[in-house]
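J.: Below you'll find the structure I mean.
The values are calculated or read from the model by the stated rules, or taken from the named source; none is laboratory data. A quick note: this is a predicted structure, and the numbers were derived from the prediction, not measured. Ideal geometry is used to build each Cβ from the backbone, glycine not excepted, and the neighbour counts take in all protein chains shown. Calculation scope for accessible area: heavy atoms of the full protein, side chains included, ligands and nucleic acids excluded. Shrake-Rupley method; radii C 1.70, N 1.55, O 1.52, S 1.80 Å.
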Amino acid sequence: MTWLILVYGILVAGGGLLGYLKARSQASLRSGGLSGLALFAIWCLSGPQPRVAFLLAACLAVVLAVVFGLRYRKTGKFMPAGLLGLLSLLAGGAFGYSLSLMR
């Protein structure tokens, strides 16, 4: 399941890039890029330390779910904040579930 961390990281980074291309939002580019980079680093850690990697990935996904949830609440637009919030919530659940299987 460690591949899911990488896929989620690519989607988050891609969302930041899309936000920049669509709305010229440098904040989206920075936050998406940094979050994607952090998830890539976590994915690299998943080989030697899978429990730590899933814990970190779950924490980051929950933080992103809250951020996107607040953004969705503010704008009322499902795209992109609602979609990325839902995706982050699902990813956080999947990472937490994967972590629980390692006990």
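J.: With the contact rule set at Cα under 8 Å and sequence spacing of 6 or more, what percent relative contact order holds for the chain?
T.: Details: 116 pairs, mean separation 26.1, N = 103.
It rounds to 25 percent for the chain.
J.: Sort 85-98, 43-56 by the packing proxy (mean of other Cβ within 10 Å over each peptide's residues), most packed first.
T.: Going by the mean number of other Cβ atoms within 10 Å, highest first, we get 85-98, 43-56.
J.: Out of L4, P48, L21, whose Cα points farthest toward the positive end of the dipole of the chain (charges: +1 Lys, Arg; -1 Asp, Glu; placed on Cβ)?
T.: So the residue we want is L21.
J.: Evaluate the charge dipole of the chain about its Cα centre and quote only its size in Debye, nearest 20, assuming +1 on the Cβ of each Lys and Arg and -1 on the Cβ of each Asp and Glu. Don't jump to the answer; show the numbers that get you there.
T.: Working: 9 positive and 0 negative charges, 71 e Å.
That gives a dipole near 340 debye.
J.: What angle, in degrees between 0 and 90 and rounded to the nearest 10, separates the Cα long axis of helix 83-101 from the longest principal axis of the Cα atoms of the chain?
T.: Computed tilt is about 10 degrees.
J.: Could you do me a favour and compute the accessible area per residue for the chain, 1.4 Å probe, result in Å²?
T.: Details: 6420 Å² over 103 residues.
So the chain comes to 62 Å² accessible per residue, rounded to a whole number.
J.: At what distance in nm do the modelled label points of A23 and A38 sit from each other, each positioned 7 Å from its Cα along Cα→Cβ?
T.: Modelled inter-label distance: 2.0 nm.
J.: Report, to the nearest 10°, how far helix 26-45 tilts away from the longest principal axis of the Cα atoms in the chain, using its own Cα long axis and a range of 0 to 90°.
T.: Helix 26-45 and the main axis of the chain meet at about 10 degrees.
J.: Counting each DSSP H run of 4 or more residues in the chain as -39500 (n - 2.57), what helix-only mean residue ellipticity at 222 nm follows after dividing by all residues, to the nearest 500 deg cm²/dmol?
T.: Working: 4 runs with 86 residues, N = 103.
Estimated from H runs of four or more residues: -29000 deg cm²/dmol.
J.: Report relative contact order for the range 56-96 in percent, whole number only (criteria: Cα-Cα under 8 Å, sequence separation at least 6). Mind showing how you got there, number by number?
T.: Numbers: 39 pairs, mean separation 22.7, N = 41.
Normalised by residue count, the contact order of the range 56-96 is 55 percent.
J.: Something else: Ignoring ligands, DNA and RNA, please state the percent of accessible area on the chain from carbon and sulfur, probe 1.4 Å.
T.: Carbon plus sulfur share of accessible area: 73 percent.
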